[in-house]
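Any read-out appearing in this document is the output of simple, stated calculations on the displayed coordinates, not a laboratory observation. Given the structure is predicted, the values throughout are model-derived calculations rather than measurements. Using ideal geometry, Cβ is built from the backbone for each residue, glycine included, and neighbour counts are taken over all protein chains shown.
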Amino acid sequence: MSKLNQNLNLQQKVLEHLGEHTDTRFESTLSAEEIAAALGYSKEEVEGAIEALASDGLVDTTGSSFDGSTAHITRKGQRHLTHPTAPQGGNVYNNHIQGSVGSLQQGDNNTMTIHQGVQGQDLPSLIAALKTAVLDLPDGKREQALEQVEDIEEDVQGGKVKPSRFMAAFERIQALSGGAKVIMTNLLGIARLAGVEVPEGMSDGSE
């Protein structure tokens, strides 16, 4: 087995272990050392796998420190285990539009399917940046905002964004964050790439 396949195999084992023994709550976190002992790998090997999984948004390593990595599974990780997607290393969205371009705004029956490569300011990196910014919100608001971000991410990962659903999440995050500039900048970037038309008056807070 090649080194690449060995790494991917370990990543899958780590993800499955986290899927079985953790959930999306921070309190369920496991350390790399605990995972390594359970799976029969070195702590360093497991930490490498955790880092790769975290870069794809499949696990959350918020509690990691200088002493070592810790992780728990994310909603995306749970969905990946239930419905495996393409191999790690890139996201592909189908280039297909349902309905006329002019009507793809607020109608509940309209969806837009996304075609966007993983380079530069792409959807996955904007969503990751949005999550990071939302983590700075106060307790209570942070959890509610993260749920809205994960709803957006779920639609993006499915390749189809319903404008009305997106705008509902957009406005809820805006309200919870008080229109914080970094959050609004990422939200507007996601809207632009997803092809969702944002009403006039909504900005990133810049003068």
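Here are the numbers for the structure shown:
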{"quantity": "Ranking of Val14, Val182 by count of other Cβ atoms within 10 Å, fewest first", "calculated": "Val182, Val14"}
{"quantity": "Amide hydrogen neighbours beyond the local backbone of Gly63, cut-off 5 Å, H modeled", "calculated": "none"}
{"quantity": "Order of Phe26, Phe170, Phe66 - criterion: other Cβ atoms within 10 Å of each residue's Cβ, fewest first", "calculated": "Phe66, Phe26, Phe170"}
{"quantity": "Sorted by Cβ density within 10 Å, fewest first, the residues Glu34, Glu27", "calculated": "Glu27, Glu34"}
{"quantity": "Inter-probe distance in nm under a simple model that places probes 7 Å from Cα toward Cβ, at Leu4 and Phe26", "calculated": "3.7"}
